[in-house]
């Protein structure tokens with residue numbers, strides 16, 4: 001039995017290659033069933049995100065045959081994506097056994113992510129595991145591995161600050177807003193733009209239980225699509241002056257070459273709000289919010305330059321937390337490998353129990369015959385226990401004696417430890 005993690009990610013492959021090797025969500029169940037139908041594969045999980053595609057497989061071959069199984073998996077991956085004539089070997093990484101366990105734990109804990117410590121990957125892993133279970137591609141081995149992985153990732157999140165500090169402008173913006181508004185449920189956020197950064201801001205706000213989200217964009221349809229995902233409300237850029245007074249938080253990131261919000265518009269909104277404060281973050285370059293807006297009372301305006309210091313400090317904090325996380329992962333890898341090694345002893349213990357049970361049955365049948373012939377019960381019991389003891393210790397004693405003759409002292413020492421024997425030296 002062998003474990004193999006095979007894949008590509010943002011570090012090893014450009015987006016052009018990652019796109020070609022990604023799995024659409026509605027195809028993964030069929031892909032899993034095809035994968036576990038391969039001769040070398042017993043169990044499998046497929047993880048496919050924008051930054052990585054990975055196969056986690058429990059193989060039914062010995063470590064000596066792993067190379068052949070690996071080549072079969074690579075061929076399967078290429079065939080599945082119609083890339084049979086494409087050389088993808090330069091982009092792939094392979095992690096066998098212990099290395100695979102450590103890689104999975106690092107991925108789940110956010111240590112292998114594009115953004116150090118990001119939490120989304122854990123949810124994506126849980127979804128991948130769920131789909132694999134639904135596809136009957138999971139057995140005892142990967143079930144144990146992934147449950148252990150989720151537990152480890154939770155411990156990393158609990159015992160370190162790996163995800164606490166902001167390391168993106170989206171996260172930093174929301175973190176700053178929390179310092180001004182303690183209860184997000186009572187507040188409204190106006191997001192200007194509908195690109196990737198604003199989507200991340202919306203996600204962070206939504207996860208922080210913001211009361212209401214308004215999304216303004218030049219293309220109203222795109223604003224509607226994003227707003228719908230976060231139970232928000234979409235407006236056009238021209239409608240901003242009518243809604244600005246509703247917003248406690250304004251975060252803007254567009255590609256406009258001219259400011260979207262001027263001092264006069266914001267000043268009017270402040271009067272309507274009766275000077276209730278507005279927190280504003282202008283992530284755009286060139287700026288979306290006129291610089292003079294920052295001169296207004298009751299406005300807290302930050303630019304992307306103001307956020308840089310927060311992000312740098314957050315990254316430093318996460319890097320320090322990552323060192324502690326690596327220590328936790330090393331311990332948890334050791335625990336899992338210990339469980340894996342214990343599987344090898346289970347079959348031995350079962351054989352020993354079967355052998356002992358056979359001896360017990362043999363001695364018991366002999367005792368029953370003696371009792372049925374009228375032999376004294378006490379004599380029968382003494383005979384039974386003597387026979388049972390002799391039969392149980394006969395083979396171990398023969399083997400220990402032979403080991404002594406052959407100079408195999410390590411086997412003699414193992415017997416002392418196994419049977420917890422007290423020697424003259426102790």
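The values are calculated or read from the model by the stated rules, or taken from the named source; none is laboratory data. Computed from a predicted model, the values in this text were never measured in an experiment. Note that we place each Cβ from the backbone using ideal geometry, even for glycine, and neighbour counts take in every protein chain shown.
Output the residue which, of all residues in region 400-410 that are part of a helix (DSSP H, G or I) and exposed (fewer than 14 other Cβ atoms within 10 Å of the Cβ), is nearest to the chain's Cα centre (by Cα).
For region 400-410, the residue satisfying everything is 410.
Tell me which residues, restricted to region 153-162, are crowded, with 21+ Cβ neighbours inside 10 Å and not in a helix (DSSP H, G or I). Break it down into steps so the answer makes sense when it comes.
Applying the first criterion (crowded, with 21+ Cβ neighbours inside 10 Å) to region 153-162 yields 153, 156, 160, 162.
Passing the criteria: 160, 162.
Take the residues in region 94-142 that are surrounded by 18 or more Cβ atoms within 10 Å (Cβ to Cβ) and at positive phi, then tell me which one is modelled with the lowest pLDDT.
Applying the filter and picking the extreme gives 117.
Can you tell me which condition residue 200 does not meet? The list is (1) over 21 Å from residue 9 (Cβ atoms); (2) in contact with a helix residue (DSSP H, G or I) (Cβ under 6 Å, 6 or more places away or on another chain); (3) in a helix (DSSP H, G or I); (4) modelled with pLDDT under 95, and all the others hold.
(1)
Residue 54 fails exactly one of the following numbered conditions: (1) surrounded by 19 or more Cβ atoms within 10 Å (Cβ to Cβ); (2) modelled with pLDDT of 95 or more; (3) in a helix (DSSP H, G or I). What is the number of that condition?
If we test residue 54 against (1) surrounded by 19 or more Cβ atoms within 10 Å (Cβ to Cβ); (2) modelled with pLDDT of 95 or more; (3) in a helix (DSSP H, G or I), just (3) comes out false.
Please go through (1) in a loop (DSSP other than H, G, I, E, B); (2) farther than 30 Å from residue 312 by Cα; (3) touching a helix residue (DSSP H, G or I) at 6+ places or on another chain (Cβ under 6 Å) for residue 82 and return the number of the only condition it doesn't satisfy.
It fails just one condition, (3).
Look through 272, 303 and report the one residue that is over 30 Å from residue 106 (Cα atoms) and at pLDDT 95 or above.
Values: 303 fails: at pLDDT 95 or above.
Of 272, 303, the one residue that is over 30 Å from residue 106 (Cα atoms) and at pLDDT 95 or above is 272.
Could you go through region 143-150 and let me know if any residue there is assigned to a loop (DSSP other than H, G, I, E, B) and surrounded by 16 or more Cβ atoms within 10 Å (Cβ to Cβ). Let's see the steps before the verdict.
So in region 143-150, the residues assigned to a loop (DSSP other than H, G, I, E, B) come out as none.
No, region 143-150 contains no residue that is assigned to a loop (DSSP other than H, G, I, E, B) and surrounded by 16 or more Cβ atoms within 10 Å (Cβ to Cβ).
Does residue 326 satisfy the criteria of being in a helix (DSSP H, G or I), touching a helix residue (DSSP H, G or I) at 6+ places or on another chain (Cβ under 9 Å), outside the structural domain of residue 281 (by TED's automatic domain parsing) and more than 30 Å from residue 154 (Cβ to Cβ)? Before the answer, list the steps.
Details: in a helix (DSSP H, G or I): yes; touching a helix residue (DSSP H, G or I) at 6+ places or on another chain (Cβ under 9 Å): yes; outside the structural domain of residue 281 (by TED's automatic domain parsing): yes; more than 30 Å from residue 154 (Cβ to Cβ): no.
No, not satisfied.
Please state which of the following conditions residue 175 fails to meet, knowing it meets all the rest: (1) in a helix (DSSP H, G or I); (2) at pLDDT 90 or above; (3) within 24 Å of residue 223 (Cα to Cα).
With (1) in a helix (DSSP H, G or I); (2) at pLDDT 90 or above; (3) within 24 Å of residue 223 (Cα to Cα) applied to residue 175, the lone miss is (2).
Could you list, in sequence order, the residues of region 96-116 that are within 12 Å of residue 322 (Cβ to Cβ) and part of a helix (DSSP H, G or I)?
The answer is 106, and nothing else.
Consider region 235-259. How many of its residues are surrounded by 15 or more Cβ atoms within 10 Å (Cβ to Cβ) and modelled with pLDDT under 95?
The total comes to 4.
Name the residue that is farthest from residue 82 (Cα to Cα), counting only residues in region 37-47 that are surrounded by fewer than 22 Cβ atoms within 10 Å (Cβ to Cβ) and in contact with a helix residue (DSSP H, G or I) (Cβ under 9 Å, 6 or more places away or on another chain). Working first, answer last.
Kept after step one, since they are surrounded by fewer than 22 Cβ atoms within 10 Å (Cβ to Cβ), are these residues of region 37-47: 37-40, 42.
Applying the additional criterion that residues be in contact with a helix residue (DSSP H, G or I) (Cβ under 9 Å, 6 or more places away or on another chain) yields 38-40, 42.
Working: 38: 17, 39: 20, 40: 21, 42: 24 Å.
Across region 37-47, the extreme among qualifying residues is 42.
Tell me the residue from 260, 240, 214, 251 that is farther than 22 Å from residue 286 by Cβ, in contact with a strand residue (DSSP E or B) (Cβ under 9 Å, 6 or more places away or on another chain) and either assigned by TED's automatic domain parsing to the domain that holds residue 198 or in contact (Cβ under 8 Å) with a residue 12 or more places away in the chain (or both), please.
Criteria check complete, one pass: 214.
Has region 314-327 got any residue that is surrounded by fewer than 21 Cβ atoms within 10 Å (Cβ to Cβ) and under 27 Å from residue 194 (Cα atoms)?
There is at least one residue in region 314-327 that is surrounded by fewer than 21 Cβ atoms within 10 Å (Cβ to Cβ) and under 27 Å from residue 194 (Cα atoms).
Given (1) at pLDDT 95 or above; (2) in the same structural domain as residue 232 (by TED's automatic domain parsing); (3) in contact with a helix residue (DSSP H, G or I) (Cβ under 6 Å, 6 or more places away or on another chain), where does residue 149 come up short, assuming only one miss?
Residue 149 satisfies every listed condition except (2).
Being under 27 Å from residue 257 (Cβ atoms) and touching a residue at least 24 places away in the same chain (Cβ under 8 Å) is the filter here; which residues of region 178-196 pass it? Write out each step before concluding.
In the first step, residues of region 178-196 are kept if they are under 27 Å from residue 257 (Cβ atoms); the result is 189-196.
If the condition is that a residue be under 27 Å from residue 257 (Cβ atoms) and touching a residue at least 24 places away in the same chain (Cβ under 8 Å), then 189, 190, 191, 192, 193, 194, 195 are the ones that fit.
Check region 6-25 and report whether any residue there is surrounded by fewer than 19 Cβ atoms within 10 Å (Cβ to Cβ), touching a helix residue (DSSP H, G or I) at 6+ places or on another chain (Cβ under 6 Å), modelled with pLDDT of 90 or more and part of a helix (DSSP H, G or I).
Within region 6-25, one or more residues are surrounded by fewer than 19 Cβ atoms within 10 Å (Cβ to Cβ), touching a helix residue (DSSP H, G or I) at 6+ places or on another chain (Cβ under 6 Å), modelled with pLDDT of 90 or more and part of a helix (DSSP H, G or I).
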